[in-house]
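Student: Structure below; questions to follow.
What follows draws every value from the coordinates through simple rules; no lab data is involved. It should be emphasised that the depicted structure is a prediction, and the values quoted were computed from it without experimental measurement. Methodologically, a virtual Cβ is constructed for each residue, glycine included, from the backbone with ideal geometry; neighbour enumeration extends over all protein chains shown.
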Amino acid sequence: MSASLLLGIDVGGTFTDIVVRDAISGRVIVDKVLSTPDDQSRGVMDAFHSLASKHGLDIADLRLFVHGSTVATNAVLERKLPRTVLIVTEGFGDVLEIGTQRRPNLFTLGVRKPEPLVPRELVLEARERIGRLGDVVEPLAEDEVERIATAVEASGAEACAIALLFAFRNGAHEQKLAEALRTRLPSLSIALGSEVAPEIGEHARAVTTVVSAAIRPLMSRYLAGVEQGLESEQIDCPLFIMQSSGGVVSAREAASSAHGMLLSGPAAGVRGAILLAEQTGRRDLITFDMGGTSTDICLIDDGRATLEREPLFDGLDLRIPQLDIHTIGSGGGSLARVVAGMLRVGPESAGADPGPACYGRGGDRPTVTDAQVALGRVDPERFLGGQMQLDADAAVEAIRRHVAEPLGISLEEAALGILDVADAQMARGARVVSVNKGHDPRRFALVAFGGAGPMHAAGVGRAVEAGAVIVPTHPGAFSAAGLVAADVRYDLVRAIGMALDTVSAADLEGLFAPLIAAGAARLDLIGLDEVVPELQRVARLRYVWQDNDIDVLLVDGPVNEASLEQGIAAFHRQHDAAYGYSSLSDRLELIAVCVEAVGRMPRAAHALDRVGRLVEEAGTRRVCFRETGWTDTDVRWRRSLAVGAVVHGPAVVEEREATTVVPPGWSLEVAEHGELLLTWSAA
């Protein structure tokens, strides 16, 4: 094996996806293994064993391994976090309970706040005070440090978050507490708000610091397990971890800043779509990543996905740079049920174990995948290229017993209803990232991937009136492909808080200078010679006395008068698009300066994989559609379709990791880079 091989492994709720790409030739190997929810590192090693046994790869010669994991995501969602202590400034012990005015739905009176990640009895108040400008109002005495350290030790906590008031201006008191705790409790996981989220907003900073401290032990153990597995297999290559921002960092850095991994897997899919935009020239996309448990949707405008710096994750107000991804609880494994005479689909999922009824692993409740199987759209004999046999009878029985009979409808109507409900839920999610934010979906192409995405691409695309529907190459492992296309990325921020008209261009560049230097230094430590550094300046602005911040990307290079004026004009445009108004005469406030330090990784030339055809000629099978009922339907193997080939619906295009459904009235064309373009053509 050549040392030019790059490996991406993405752990999902049902399957672990694997992509190996040759950085020189662009050749790709794709594989899937079942996930191991009890210990995801076992699934990762299963992936390595599959590459060696099925594909004959010498995995000891890999040049780079990039990994996406849901360990951090699941730990926070399920609240399976280690015992954690929070230290705050005296008088702020209720900071987690009080929260903010942010609400998931403005007009829902019965909204319930999520339970605090740290119970009140584990919140410790320290007698100290830093002023809003960073001056010491009340010193942190040595006896107070001793009292806090003793209380932390007595709590039996495994993690400790320190989030003192205005520590982002002056972190001396946080550092003093941390040093005492490290001396007394060397195994304690400690996170400082002044390092994790050095920004204004005490509640969000405290929550983010708690999340960071709590999931560090979990991620450290998990990544240590992965590295031990690599060592046992004598695999010696750099290990990088996907972050929520869409960039990757080393495993060591990922363990120390574990809060950056909350959307590790979904971010990889968006990264893959950005690469697709670069390759095809289609720069306006809506990503539609439908897996076994959930669907992740993100808007890419002019080749760039929005980076959300104040996300709301499962009700938690955070300060973590992450791609603006909207997640809904609807996937291939989403369970269908009848509640009060109405059909519901999701958010509960069958997961990997027991999985859908058709998996034959003990599940007996119907899922979206079971509906696809029952309607003939998935071939039970060729699922995963024949590696996994599905039980169609079990799918039919589950739908009949749990949906058709309770509603008094036919099996076909029940299965089609399950798909209709799932499509409607996902279309609503696509509108959240487009229509709700002032974007016309007719200007965007819907990019469908994930194991289940291509089966629902046409239905969701038509529901949102997308300008085009695209199924990329290797859609069932597209997120893993995005991993090997990702760049190293660090997001650095410095809180400012001053009127912009009091800052000259030279002054502004001076504020950026320390962050530019820090970003360049971190990129230098990567250890990969071919990485190309890029340092982008971002100014966070708002109207004076207002609360709606806008991140403005300044032009490349040092700030000058021209670039500052362009940035101000961009702020007014973006504010108008986001909030419906702008005021050119109002003063602006500089809230923070940010630097996106990006290390561009080598790009592989794209190569279409036409070897190993399973089926070269067209076949037919009976498939049920709402428009036609059961009908003889063309079935094509995707590798047999050359660029320029056109397939008219109804049809099914199969490949090892996914199935693309072309309903009646639709047509499909193979585009230049092998992606499938679906078009609604009926009158």
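Student: Can you list the HN-Hα couplings for segment 568-577, worked out from phi with the Karplus curve (6.51, -1.76, 1.60; θ = phi - 60°), rounded to whole Hz and with x for Gly and Pro?
Tutor: With the stated coefficients, segment 568-577 comes to 5, 5, 5, 4, 4, 5, 5, 5, 5, 5 Hz.
Student: For segment 343-418, report the translational diffusion coefficient in µm²/s to the nearest whole number, using Stokes-Einstein at 4 °C, 1.567 mPa s, and a Kirkwood Rh over Cα pairs.
Tutor: 106 µm²/s
Student: If you count the DSSP beta bridges with both ends in segment 619-680, what percent of them are antiparallel, to the nearest 5?
Tutor: The antiparallel fraction comes to roughly 85 percent.
Student: Sticking with this one: By its C-alpha gyration tensor, with a ≥ b ≥ c as the square roots of the eigenvalues, how is segment 1-78 shaped: rounded for a/c under 1.5, else prolate for a/b larger than b/c, else oblate?
Tutor: Details: a/c = 2.54, a/b = 1.93, b/c = 1.32.
Here segment 1-78 falls in the prolate category.
Student: Let me test this: with uniform point scatterers at the alpha carbons of segment 77-219, what is the Debye-based log₁₀ I(q)/I(0) at q = 0.12, 0.13, 0.20 1/Å?
Tutor: -0.46, -0.54, -1.21
Student: For segment 267-408, what's the radius of gyration and Dmax over Cα atoms, in angstrom?
Tutor: Looking at segment 267-408, its Cα Rg and Dmax stand at 18.3, 50 Å.
Student: Tell me, Kirkwood radius of segment 128-188 from alpha-carbon pair distances, in Å?
Tutor: Numbers: mean 1/r = 0.0829 Å⁻¹.
The answer is 12.1 Å.
Student: On to the next question. Binning every alpha carbon pair distance of segment 202-251 at 5 Å from zero, what are the percents per bin?
Tutor: Answer for segment 202-251: a P(r) of 5, 17, 18, 23, 17, 10, 5, 3, 2, 0 percent.
Student: Give the Kirkwood hydrodynamic radius (Å, one decimal) of segment 22-130, defined as one over the mean of 1/r across all pairs of different Cα atoms.
Tutor: Result for segment 22-130, one decimal place: 19.1 Å.
Student: Just want the ordering: Ile98, Ile235, Ile418, from fewest to most Cβ atoms lying within 10 Å of their own Cβ. Can you show the working numbers first?
Tutor: Details: Ile98 11, Ile235 18, Ile418 27.
Neighbour counts put them in this order, fewest first: Ile98, Ile235, Ile418.
Student: Could you line up Trp630, Trp680, Trp545 from fewest to most neighbouring Cβ atoms inside 10 Å?
Tutor: Placing the least packed residue first, the sequence is Trp545, Trp630, Trp680.
Student: Let me ask another. Starting with the fewest neighbours, write out Lys437, Lys176, Lys113, Lys32 ranked by other beta-carbon atoms found within 10 Å of each beta-carbon.
Tutor: Starting with the residue having the fewest Cβ neighbours, the order is Lys113, Lys437, Lys176, Lys32.
Student: Over all distinct Cα pairs, what is the inverse of the mean 1/r for segment 488-600, reported as the Kirkwood hydrodynamic radius in Å?
Tutor: 14.7 Å
Student: Peptides 203-209, 474-480, 125-131, 405-411: what's the order by average Cβ count within 10 Å, highest mean first?
Tutor: Going from most to least packed, we get 474-480, 203-209, 125-131, 405-411.
Student: Roughly what % of DSSP beta bridges within the chain run antiparallel, to the nearest 5?
Tutor: 75 percent
Student: Within segment 630-656, what residues put their amide N at less than 17 Å from the label point 7 Å along the Cα-to-Cβ vector of Thr679?
Tutor: Answer for this model: 642-651.
Student: What is the helix-to-structure angle for 411-433, meaning the angle in degrees between its Cα long axis and the longest Cα principal axis of the chain, kept from 0 to 90 and rounded to the nearest 10?
Tutor: Compared with the principal axis, the helix lies near 30 degrees.
Student: Multiply the residue separation of Val136 and Ala499 by 0.36 nm, subtract the distance between their alpha-carbon atoms, and state the gained length in nm to one decimal.
Tutor: Numbers: separation 363, 0.36 × 363 = 130.68 nm, distance 2.40 nm.
The Val136-Ala499 span can extend by a further 128.3 nm.
Student: What is the Cα coordinate range of the chain on the first, second and third principal axes, sorted by size from largest, in whole angstrom?
Tutor: On the principal axes, the chain reaches 79, 58, 57 Å in Cα extent.
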